[in-house]
Amino acid sequence: MVPVTSIAGADEYDVVILNGRVMDPETSFDAVRNVGIRGGKIAAITPAAISGGRIIDAAGHVVTAGFIDTHVHSLDLFSVRLLMRDGVTTGMDLEVGAWPVGPWYEGKKDKWPINYGTTVSQEIVRMSVHDANDDIDFTVPIDATGLSKARTASLKDGTEGWSVTISDRTQMNEISRRLDQGLREGALGLGSTIGYMRKGVTTYEMFEAQRAAARYGRLTAAHLRFHPMNKTPTESPIGFAEAFTNAVTLKAPLLIAHNNDYGWWEIEEKLALAREQGLNMWGEYYPYTAGAGPLGSEFLRPEMWEDTLGYKYEETLFDPVQNKFLSRDEYFKAVATDPGRTVIAHSPPRKPWLRKWLKVPHMVVAGDTMWSTDKDGNALGWQEDYDEYVGHPRTAGTRGRVLRLAREETIPLMFSLSQLSYWHAKHLGDAGIEAMKIRGRMQEGMVADIVVFDPDRVTDNADFEAGANGRPTTGIPYVLVNGRFVVDDSEVKKIMAGQAIRYPPENTGRFVPVTEEQYPLTKK
């Protein structure tokens, strides 16, 4: 534990962090320094003696930019507690996103401990058009935390319209108009889960969705169409080719969500070549060999999971609620009654790949963290015990696991910090997000989103067995968000220090309808 002292009346700085190993990935600065924080900003990084209202002795600890996560579905306060213990100071959902966007941001204002942001959700907007009569309330914001219920409700008429219904020209234009509305309200780009909608979204509709974001110069973050498929002619890199071609044509930024599966090496090579040509494109991973998703996902159905991927349910499909692997019959029973429930899907090929991801430049760490529930499916509150959490351990342990694995692999710590913070901030800043140009860096003048951790002892503790899913990372005693302690001597504080990561809302939209010449399809 890092010793803490207070000096009454000393007000040169609001907070002083002494004797820590200050590390900044952008400049490669790495030295023992004293850090002074004033007004939520890093005011001084100096070898000189400094004083302030709150002093921490960080000897033996790294002091660096707080970790950034672009793939946070767990936008509930219990899960945010786990993220803070894991060193996260900014958590955004760029894959699923939300809709409507304006009210989503308003609902978080002054009510969130870490910085927050969202894309506009292609899936939820499609749901609002194709499942409008299925008793889903689209007047309030839906994000990943409410998506499970919305997906289940979308089956009221027997069809998941958002997933399988092909849009005619009128519907496509309405979808694009609603996407434009979210972008006008400040969304960070387009969030696409096309991997769950591969039968419903035509290639032209995907192009139009990416064009909606590109009209604002904003990114697409995509869960690729053929993720996680591995057989020609539908393997994952073909899905990448679709999103990549659209982004290149539109001169738009592109983030490949959880590039953890077959073909990841090809995708990362192409992203690197694109960056060499000045394109703003990058990928992400989480450090686990198992994923998570809704029971009703197309890729968990037998024709995909067993016949195409070659996996056996009883060896790979784990239900954290029942704390066991599901047989084929148990899978059918569960998916018929609760298709939106989250299960853990083990992917054997990831085992030899995992440690390679730790070494790929610009392949950032993003937890794909899940919302919090107990074994009965009830949402967990702020003060619930960590062992009540049922779900994927990545929610609690992603950053601790990366730092532990990198330590075991003797990967330079500066490289890991780039994966955890700087490369996120660089690419998002290059996409025009002003709030990210002053984060992800440990420099004077930057926002004081800071993590203090023990590089020799920081580790993940969460695992897949019951009771261990939510065990928090240890070795990160202090986390500051905008200069305020949200983790203090390893104790999470309910301090609403988070700020919105958002483009300025605009009064006028940029929607342009598709014409008959572009897309002649009408209702059949």
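The values are calculated or read from the model by the stated rules, or taken from the named source; none is laboratory data. Since the structure is predicted, the reported quantities are computational estimates derived from the model, not experimental observations. Cβ: placed from backbone, ideal geometry, glycine included. Neighbour counts: every protein chain shown. Ligands, DNA and RNA are stripped out before the accessible areas are found, and what is left, the full protein with its side chains, is counted by its heavy atoms. Shrake-Rupley method; radii C 1.70, N 1.55, O 1.52, S 1.80 Å.
Dipole magnitude for the chain: about 860 debye, using +1 per Lys or Arg Cβ and -1 per Asp or Glu Cβ, origin at the Cα centre.
Working from Cα pairs under 8 Å separated by at least six residues, relative contact order for the chain is 21 percent. For segment 204-217, the Karplus equation 6.51 cos²θ - 1.76 cosθ + 1.60, evaluated at θ = phi - 60°, returns couplings of 6, 5, 5, 4, 5, 5, 5, 5, 4, 6, 5, 4, 9, x Hz by residue, with Gly and Pro reported as x. Inter-part distance, segment 162-195 to segment 13-47, computed on C-alpha centroids, equals 43 Å.
Would you mind putting 318-324, 62-68 in packing order, based on average other-beta-carbon counts within 10 Å, highest first? The partial results should precede the final answer.
Numbers: 318-324: 17.1, 62-68: 27.4.
Order by mean packing, descending: 62-68, 318-324.
How many angstrom lie between the C-alpha centres of segment 264-314 and segment 377-428? Taking the Cα centre of segment 377-428 as reference, the centre of segment 264-314 is 19 Å away. Under 19 Å from a point placed 7 Å out from the Cα of THR170 along the Cα-to-Cβ direction: which residues of segment 499-516 have their backbone N that close? Under 19 Å, as judged by backbone N against the label point of THR170, lie 512-516 of segment 499-516.
Could you order the peptides 117-128, 465-476, 508-519 from most to least packed, using the average number of other C-beta atoms within 10 Å per residue?
Working: 117-128: 28.7, 465-476: 20.2, 508-519: 12.8.
Taking the mean over residues of other Cβ atoms within 10 Å, the ranking is 117-128, 465-476, 508-519.
With protein chains left intact and a 1.4 Å probe, residues in segment 261-354 average 42 Å² of accessible area per residue. Neighbours of GLU242 by Cβ distance under 15 Å: Lys/Arg scored +1, Asp/Glu scored -1, total +1.
Of all DSSP beta bridges confined to segment 59-169, the antiparallel ones make up roughly 20%. Label sites at ARG301 and LYS493, each approximated as a point 7 angstrom past Cα along Cα to Cβ, lie 5.1 nm apart.
For the chain, DSSP calls about 55 percent of its internal beta bridges antiparallel. Taking a ≥ b ≥ c as the square roots of the eigenvalues of the alpha carbon gyration tensor, segment 342-449 is oblate, as a/c is not under 1.5 and a/b does not beat b/c. Extension gain, ALA468 to PHE511, is 10.7 nm, computed as 0.36 nm per intervening residue step minus the present C-alpha separation.
Within a Cβ distance under 14 Å of ARG177, other residues only, what is the Lys/Arg minus Asp/Glu net charge? So the surrounding residues net to +2. Short-range pairs are left out: with C-alpha atoms under 8 Å and at least six residues apart, the relative contact order of segment 265-341 is 26 percent.
Roll a 1.4 Å probe over the protein chains and send me the accessible area per residue for segment 53-155 in Å². Write down the numbers at each step before the final one.
Numbers: 2400 Å² over 103 residues.
In whole numbers, segment 53-155 has 23 Å² accessible per residue.
Sequence-distant contacts, meaning Cα pairs under 8 Å at least 6 residues apart, place the relative contact order of segment 346-471 at 31 percent. By a 1.4 Å probe calculation restricted to protein chains, TRP357 has an accessible surface near 0 Å², given to the nearest 10.
What is segment 372-512 by shape, rounded, prolate or oblate, if you read a ≥ b ≥ c off the alpha carbon gyration tensor as root eigenvalues and call it rounded for a/c under 1.5, prolate for a/b larger than b/c, and oblate otherwise? Judged from the Cα gyration tensor, segment 372-512 comes out oblate (a/c at least 1.5, b/c at or above a/b).
Solvent-accessible surface of segment 400-507, averaged per residue with a 1.4 angstrom probe and all protein chains in place: 36 square angstrom.
Look at the Cα gyration tensor of segment 156-274: its axes a ≥ b ≥ c give a/c of at least 1.5 with a/b at or below b/c, and that counts as oblate. Here the peptides 135-144, 393-402 are ranked by packing, the mean other Cβ count within 10 Å, and the order with the highest first is 393-402, 135-144.
Evaluating 6.51 cos²θ - 1.76 cosθ + 1.60 at θ = phi - 60° for every residue in segment 427-440, the Karplus couplings come out as 5, 5, x, 5, 7, x, 7, 4, 5, 8, 6, 10, 10, x Hz, glycine and proline recorded as x.
By the helix-only formula, in which each DSSP H run with n ≥ 4 contributes -39500 (n - 2.57) and the sum is divided by residues, the chain has a 222 nm mean residue ellipticity of -8000 deg cm²/dmol.
At 0.36 nm per residue, and after removing the present C-alpha to C-alpha distance, how many nm does the segment from LEU273 to ASN323 gain when stretched out fully?
On the way: separation 50, 0.36 × 50 = 18.00 nm, distance 4.34 nm.
The LEU273-ASN323 span can extend by a further 13.7 nm.
With both labels modelled 7 Å from their Cα along Cα-to-Cβ, the LYS199 to LYS109 distance reads 4.2 nm. Using a basic spin-label model with each label point 7 Å from the Cα along Cα→Cβ, how many nm lie between ALA49 and LYS351? Label at ALA49, label at LYS351, 5.8 nm between them. If you work out log10 I(q)/I(0) by the Debye sum over Cα atoms at q = 0.07 Å⁻¹ from the coordinates, which of (i) -0.44; (ii) -0.36; (iii) -0.50 do you get? Entry (ii). Taking the DSSP beta bridges with both ends in segment 279-410, the antiparallel portion is around 75 percent.
ASN19 sits among other residues whose Cβ lies under 11 Å from its own Cβ, and their net charge, with Lys and Arg +1 and Asp and Glu -1, is +1.
Ignoring any ligand, DNA or RNA, what whole percent of the accessible area of the chain comes from carbon and sulfur when the probe is 1.4 angstrom? Whole-percent figure for carbon plus sulfur exposure: 50.
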